[in-house]
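These notes concern the structure reproduced below.
The values are calculated or read from the model by the stated rules, or taken from the named source; none is laboratory data. This is a predicted model, so every value here is computed, not measured. Methodologically, a virtual Cβ is constructed for each residue, glycine included, from the backbone with ideal geometry; neighbour enumeration extends over all protein chains shown.
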Amino acid sequence: MGEDLQRISAGRYRVLGLLGKGGMGAVWRALDVELGRPVAVKELRLPEHVSEQDRRNLYARMEREAKAAARSKHPGIVTVYNRLVGDDGRPWIVMELIQGGSLEDLLQREGRLPVAHVADIGMKILDALIAAHAAGVIHRDLKPANILLEGDRVVVTDFGIAALEGDPALTMSGAVLGTPTFMSPEQVCGLTATAASDLWSLGATLYTAVEGRPPFSGRTLSSLFVAIATQDPAPQRHSGRLTAVLDELLRKNSAERLTAEAARERLRLLATTSEPNSSAPVSPGAVLVGSSGPASSGIAPAAGPSTNVAPPPTLVEKPIMDRPHPPPRRLVRSRKVIIPLTVVLALATSAAVWLMRGPSETGPPATQTWFPRTVRLPIENYGYGLALSPDGKTVALGGDDGIDFWDLASRQGSGPPIQPTGALRAGGTMAFSPDGRLLAATDDGRQDVDVRTFDQVRLWDVRSHQQIGKTFGRPLDTVGSLSFSPDGQTLATSHQDETRLWNLTTQRQIGASFPNNAAGPVTFLDQTGKLLATDHDLTVWNIKTRRKSGRPFMPLSVNLCDLVAVSPNGKVLAAATNDHEIKLFSVNSRKKISNPIKITASPPYEDVIASLSFSPDGRLLISAGSTVRIWNVKTGRQVGPTLTGKPVIAGFGPWRSAVVSPDGRSLITVGDHALEVWDIRRAYQ
């Protein structure tokens with residue numbers, strides 16, 4: 001990269017090191033040799049399979065970033081010094097170097113910030129936004145990662161998708177661009193972004209800073225968009241006198257939001273006054289989760305694993321009393337995504353209809369004639385993760401209270417539950433090692449106390465239920481998927497912006513990370529463990545050479561892969577996309593082997609895909625989420641009726657997971673406070 005920049009700039013800029021990178025770009029520290037000053041140089045990197053039209057659009061969008069920043073002259077907006085164009089047409093932007101990290105970096109260290117500090121940051125962001133809006137520039141992607149902190153200075157950067165007054169739109173046809181977590185309701189519904197949209201994003205950013213978590217979450221992109229468009233933010237616990245300002249910035253109706261000037265004045269008052277019992281800053285290195293001192297906010301330490309095994313539950317064949325179902329947390333961050341407008345509008349409209357009419361009381365019942373239900377175990381833990389041991393004897397259930405183990409033969413709990421210290425939910429994503437001795441599982445950081453991590457991956461000894469070695473994760477990380485190699489010696493984990501391989505003997509990372517975006521899926525492709533498919537386009541990597549191996553399964557398009565499963569014989573790959581489809585591919589040729597399987601439900605319901613699994617012989621594919629369905633892999637058609645009744649209201653649980661027993665005769669499902677076993681032998685007929 002350094003030689004490229006020096007050639008393009010005739011040697012004026014010399015690269016000193018990498019500042020940061022994302023899915024389609026990198027920012028480098030460099031020296032302006034002529035003026036002797038440090039600068040930041042932004043480089044655009046595009047995957048090889050990007051179409052020429054999309055390539056031109058992305059180049060033009062980076063050109064727009066330079067123009068937007070140059071038009072908006074203000075100390076709170078990063079200064080652009082120069083713009084360069086390479087021989088291949090790629091633009092490069094030379095900017096001032098901010099001697100400090102981002103707000104996201106600060107939150108990774110601190111967990112959350114005091115009210116007065118957040119108000120001060122918000123006031124300075126508003127100064128920059130007021131200047132940008134006056135110049136006809138709308139940012140459209142305001143978030144903690146785009147707020148830089150240099151001493152007392154707060155700088156807004158990354159105008160890559162900014163809207164310029166008078167410029168043609170560069171958005172791809174039928175798509176919305178932005179970072180999902182911080183997009184306004186009008187943006188997720190496909191409407192034009194305005195200055196009020198930036199104010200919503202500011203409200204979401206400040207909410208995240210003071211609460212330590214974003215105001216909205218969802219297990220999939222679709223459910224996240226529906227939450228933004230129709231639901232109230234999660235209750236505020238730490239915002240104090242900032243609560244009212246955040247509420248008024250996060251109004252669904254853009255006309256009802258605070259104006260920039262009014263918000264700035266109210267934040268100025270909050271920034272200059274202290275608040276009794278306000279959130280104190282978290283000192284670097286302090287451990288607050290489960291502590292008994294003042295920093296624990298009165299929360300008692302998390303209880304250790306119980307040594308008593310709960311008595312076996314009573315088998316029932318009637319529904320359990322309805323209980324509230326908290327939506328599982330699987331948040332996507334720092335991903336500029338491309339989402340079809342038809343999906344977003346349909347979800348938002350469906351949710352609005354439900355809010356006006358109320359939920360229906362009827363739905364297609366599970367048919368006992370086709371698939372007899374042999375076991376129904378009520379479980380207190382809200383189950384949303386499921387893994388079955390290779391021998392088919394033990395089920396691991398993840399939920400709010402940790403990870404429970406059930407012996408299918410005796411229908412009793414198997415040993416004490418796993419309760420990771422400080423975790424709010426555990427086992428959202430789980431897998432047994434091929435020999436059944438280890439369980440790899442994610443857990444979520446607590447949301448009601450100061451936190452330092454969101455997602456972590458831990459290894460557990462299945463017999464002792466004790467953690468083995470260290471925790472894999474980092475502050476404010478998102479873990480989307482994990483996969484054991486066929487020999488059980490390596491674990492692949494998909495994180496917010498990279499995929500890592502771990503040697504399970506040494507528990508050290510193997511080589512450099514593979515690029516990834518927004519915790520995309522990951523899986524080993526063959527029995528040799530040499531090929532790895534990862535990211536939302538399912539790029540294939542040769543692990544030994546660290547090079548791409550052939551074309552991706554799903555080249556960049558509006559359909560992004562959220563989940564993936566490979567048949568036990570390694571011949572078929574199933575990919576669930578964000579538009580409620582399942583695509584089947586030949587692993588060898590990477591070509592589709594049937595028409596996409598479309599998961600449909602009548603409005604206002606939605607059938608979300610939360611897990612995929614094959615039968616042992618690869619003839620059946622099981623999709624689970626708001627319902628559980630069985631598919632014939634060869635024909636792509638559903639076999640028998642939907643197992644678990646009606647779908648759910650768009651974006652709302654309960655969610656379900658499902659897996660087939662090693663003998664192929666039984667299907668185990670979990671969700672809605674119950675574990676159920678179904679006889680599916682008729683599906684093979």
State yes or no: is Val540 in the same structural domain as Ala396 (by TED's automatic domain parsing) and of a type in the set (A, V, I, L, M)?
no
It is to be established whether one or more residues within segment 79-97 are modelled with pLDDT under 75 and surrounded by 18 or more Cβ atoms within 10 Å (Cβ to Cβ).
yes
Looking at segment 10-49 only, could you name the residues that are modelled with pLDDT under 80, part of a loop (DSSP other than H, G, I, E, B) and among the basic types (Lys, Arg)?
Arg45
Residue check, Asp232 against (1) part of a helix (DSSP H, G or I); (2) surrounded by fewer than 22 Cβ atoms within 10 Å (Cβ to Cβ), all met but one. Which one?
(1)
Positions within segment 120-139 being free of Cβ contacts under 8 Å to residues at least 60 places away in the same chain and not basic (Lys, Arg), in sequence order
Ala128, Ala131, Ala134
Segment 465-486, subset under 14 Å from Ala519 (Cα atoms) and of a type in the set (Val, Ile, Thr), residue modelled with the highest pLDDT
Val479
Of (1) buried (at least 18 other Cβ atoms within 10 Å of the Cβ); (2) at pLDDT below 90; (3) under 26 Å from Val608 (Cβ atoms), Glu581 satisfies every one except (1)
Some residue of segment 50-69 being out of contact with any Pro (no Cβ under 9 Å at 6 or more places or on another chain), under 24 Å from Phe182 (Cα atoms), modelled with pLDDT of 85 or more and not assigned by TED's automatic domain parsing to the domain that holds Leu142:
no
